[in-house]
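The next block holds one structure in the form of C-alpha cells; read it before the comments.
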Amino acid sequence: MHLLLVGVSHRTAPVDLRERIDFSTRGVDAAVASLAARATNSEAAVVSTCNRAEIYLAAPDPQVAREDVLGFLVEFHGIDASEVRPHLYEKQDSEAARHLFRVAAGLDSLVVGEPQILGQVKEAYSTASAQQSVGPLLNKLFHTSFVAGKRVRSETSLGEGAVSVSYAAVSLARKIFGRLEERTVAVVGAGEMGKLTALHLKAQGIRRMVITSRTTAHAAALAETMQATAVPWERLHAALAESDIVITATGAALPVLVRADVAAIMKPRRNRPLFIIDIAVPRDVDPAAGELDQVFLYNIDDLQAIVQENLTRRAAEMARAEQIVDEEVERFAAWLRSRGAIPTVVALRQRFETIRRSELDRLQHKLSGLPPEARARVDEVTRLIVEKLLLTPTEQLKALPDSETLSAYSDALTRLFSLTPGNGAAGGDRCLRVPEADSQEPIERRRAKSG
Amino acid sequence: MNTIPLIAYVAAAGLYAAFFVTGRASIGRVASTVLAGGALLHTFAMGMQTMSIGHVPIADTTSAISTFVWLLAIAYLYTEMTTEERAMGVFIVPLLVALQAIPAIRPGLEHRAPILESPWFGVHVASLLFAYASFALACVIGITYVLLFKEIKAKHLGFFYKRLPSLQRLDAMNVRAVTVGWLFLTIGVVVGGIWTVQARADAVLDPRIRAMSILDPKIAVAMLSWAIYSFQLYARRAIGWSGRRAAWLSTVGFGIVLLNFVAVGYFLTKSHNF
C-alpha cells in the first residue's frame, strides 16, 4: 500500500485554473465520497483552500491510482485532461508526507507561516473522516501533520509578526489600546487604501466608526457599505477629538493635519492616546505631530518597514521549521516501514495458527475425554506459546531500518516457514487481529462450526 | 531560615528571565510553579519563626523585609493568576531576591519591645508592608509601560513589543495596584498615629516614642510617598494624567518607599529602630 499525493497549488497553477478545480464550490465532502468510491484507492482525503487543491490517497498501485485521479478531476470539474496535466504535481510515500507536513506548518503557503492553514488541514481530515474514507494510513498521516504544524507554531516564531500593512496597523492598535471593541475609529478620506485598513479594524470588533471626506457623497457612500457614520468635512477636528484611532488616506497634496491641529485635538482628550495611521502618499499628517505626547503617528513607510522586518524574521525561522518537518517525516517514514512488515507478520502468524489448530485437531480423540475446563486450558496454553514465540520476531521485523533489509528478511521468512506470499497482504491492520479474536472462542464451538 | 526561600526565588528569577527571552509558555509555567513553591517555603519559614518567638516576625526592620518579600511574592502571584500575564515576573522576582538577601545574610534578632505588643502595632506594620508590596508591583508595571511606550513611539518594535501586554492594560494594572497600595498606606499611617498617642501615655520615657513626630525622617518620608501617590490618583481623575505620567509617578513613589523602608529604616530614623 502506498501513499500518493496529486495536487495543484499556487506554486504550479495560475489562479484561473485553481478556481476551476476548487473543490469547495461543489463540496469537499462530495469530492471525497466520489473519490472513495473508486476502486483504485482504499483511503482518500482532499485538502482544498483558495491556494491549493490536493488529493491524498492510499493506493496499492500508485501509477494506476494517479491516472484514475486525473480521470476523477476531469469528471468532477468537467475540464480537459490536457489543461490540468501540466500543472499537477505528484508525490509518493514519505515525500507526500513531507509535502503535507510543510503545508500544515505554513511553509508552503503564499504568505509563509500564515496561521489558518493548520485549521484548514484539520478541516480536510474531519471532512474525510465524516465520509469514512480514511483508514490507518491517512489517519496516521494527518495526525502527524497536526503534530508537525503545532510544533512549528510553538517552537519557532515562523507565524509571528504582521506581514501586511493593514495587519501591522491592527496589531499596533491592539498593542496600544488592548481590546478594540470600545474604541472609535475615524477614517479621513474615502479611498480604497483607507477602506482596506478600516475593514481590518472592523474585523477586530470595532463598533464606532466615523468617515469624513472632502466630497460628502464619497464619505456617505463608504459609510453605508461600512455601517459607519458620515461626518461633514467641517467637523473633522471635532470628530478626531472623539476618536482613538485615525486613518488618513486622502489624495490631498498638502498635509491635512499639521502639528498645531493635532495639538488642538489632544487638548480636550486629556492625554488619552491617539493612534494616527497615515497611509496617504503624499502624507496627510505633518510628521512633527508625532512628537506630541500620547500621539503615535505611523505612516505607510513605517508600516512597510515593520512588514519587511517581520518577513525577514520569518525567513530566518524557516530553517528551524524545515528541521522540525524533517524530524516528523522521519518518524512517519519509520512507521511506514514498520507497516511494510505487516503482510509477512500476518502470514507468519497464520502459519503458526494453522499448525497449532491442526495439532489440536489431531489430538482431538485424546482430548475429548477431558472435562471442558481442561480442554479450554489446553487451547489457552498452546495459544500463549505461539504468541510468545512470535513476539520478538514481530517486534524485530517492525523495527527494521529500511525497505531493502525488510524485503530480505521477508524472503528469508517466507522460505524458512514456506509462507504463502501475499497472504493477507491486502488486509493491512485488520488481519492482525483476526487470529486473536478467533482464538478467544471456546474450542468446542470452533469444532462445532467446522464439523 | 530565610535562605531556603531565597534559593527558590533565585531559581525562579532565572526561569522568569529565560521565559522572557525565549517566550516559551512551558518555561513560564515552570517559573510560576517554582515561585509559588518559594512562597510556600517562605510561609513555612515564617510560620516556624512565629511559633518560636510567639508573634508574627515584623517588629524589626530585617524581619519586616522578609515579611514584605513574602507579601510581594503572593501579591505578584495573585496578579499573575488574575491577569494571565507572566512578563512582569522578570522585573519583580529579582527584587524579591535582592530584598530577601538581607534577612538571609543578617538574621533578625526579633526582641520585641513591650510597647510593640499592642494590636495597633500589628495592623500598622501589616498594612504598610502590604501597601509597599502593591507599590512595588505598580512600579514594575510602570517601568514596563515606559519601555513599551518608548518602543512604539520610536517605531522600533522589538523585544518588549513582542512580550508585553498592551499599554492600556498596563495602565489599568498600574492604577489598580496604586489604589490598593494607597488605601493600605493610609490605613497604616492613621493606625500608626493612633498607636503613637497610646504609646505616649504608656511609655513616656522611651526616646523612640518621643521621636515620633512629622520631623522624624522615617515619618516625613512616609508622608512624602503618601503625597506622591495621592497626587497620582488625583491627577488621573482631575487632569487626565494617565499612561506615561502615571507610570513615572509610581516609579518615583516606589523609589522613595524603598529608600524609606531599607536605608532610612536601618540608618536614619530615631523613632522606628526597634
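The values are calculated or read from the model by the stated rules, or taken from the named source; none is laboratory data. Since the model is a prediction, treat every value here as computed from it, not as a measurement. Cβ placement follows ideal geometry from the backbone for every residue including glycine, while neighbour counts extend to all protein chains displayed.
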Notebook entry, point to check: Hey, among B:Val125, B:Val146, B:Val180, B:Val175, which residue is out of contact with any Pro (no Cβ under 7 Å at 6 or more places or on another chain), farther than 30 Å from A:Val295 by Cα and in a helix (DSSP H, G or I)?
Noted result: B:Val125
Notebook entry, point to check: Taking the range A:184-205, which residues are surrounded by fewer than 22 Cβ atoms within 10 Å (Cβ to Cβ), away from chain B (no Cβ under 14 Å) and assigned to a loop (DSSP other than H, G, I, E, B)?
Noted result: A:Gly191, A:Gly205
Notebook entry, point to check: Checking A:Val258 against (1) β-branched (Val, Ile, Thr); (2) more than 19 Å from A:Gln204 (Cα to Cα); (3) modelled with pLDDT under 90, which test does it fail?
Noted result: (3)
Item checked: Residue selected from the range A:173-183 under the condition buried (at least 18 other Cβ atoms within 10 Å of the Cβ) and more than 8 Å from chain B (Cβ to nearest Cβ), by the criterion nearest to B:Lys155 (Cα to Cα) -> A:Ala173
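Restricting to helices (runs of 4 or more DSSP H) lying wholly in the range A:270-382: which have 1 or more residues that are under 30 Å from A:Ser109 (Cα atoms) and free of Cβ contacts under 8 Å to residues at least 12 places away in the same chain? If you could, list the steps in order and put the result at the bottom.
On the way: elements: A:300-340, A:342-362, A:364-367.
Filter on the range A:270-382 gives A:300-340.
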Next item on the list: Could you run through the range A:120-157 and say how many residues are within 13 Å of chain B (Cβ to nearest Cβ), of a type outside the set (Val, Ile, Thr) and not in a helix (DSSP H, G or I)?
Entry: 1
Next item on the list: Please verify whether the range B:86-101 includes one or more residues that are closer than 20 Å to B:Gly142 by Cα, outside any loop (DSSP other than H, G, I, E, B) and within 14 Å of chain A (Cβ to nearest Cβ).
Entry: no
Next item on the list: Look at A:Glu160 and say whether it is out of contact with any strand residue (DSSP E or B) (no Cβ under 8 Å at 6 or more places or on another chain), surrounded by fewer than 19 Cβ atoms within 10 Å (Cβ to Cβ), more than 17 Å from A:Ala305 (Cβ to Cβ) and in contact (Cβ under 8 Å) with a residue 40 or more places away in the chain.
Entry: no
Next item on the list: Mind listing just one residue for me: the one in the range A:262-282 that is farther than 14 Å from A:Asp293 by Cα and modelled with pLDDT of 90 or more and, of those, farthest from the chain's Cα centre (by Cα)?
Entry: A:Asp278
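Matching residues to (1) touching a Lys or Arg at 6+ places or on another chain (Cβ under 8 Å); (2) aliphatic (A, V, I, L, M):
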| site | (1), (2) |
| --- | --- |
| A:His218 | no, no |
| A:Glu242 | no, no |
| A:Thr250 | yes, no |
| A:Val258 | no, yes |
| A:Ile265 | no, yes |
| A:Pro282 | no, no |
| A:Phe296 | yes, no |
Item checked: Every residue from the range B:232-267 that is of a type outside the set (Lys, Arg), within 14 Å of chain A (Cβ to nearest Cβ) and out of contact with any Ser or Thr (no Cβ under 8 Å at 6 or more places or on another chain) -> B:Tyr234, B:Ala235, B:Ala238, B:Ile239, B:Gly240, B:Trp241, B:Ser242, B:Gly243, B:Ala246, B:Ala247, B:Trp248, B:Leu249
Notebook entry, point to check: Among the residues of the range A:237-264, which ones are without any contact (Cβ under 8 Å) to a residue 60 or more places away in the chain and within 14 Å of chain B (Cβ to nearest Cβ)?
Noted result: A:Ala241
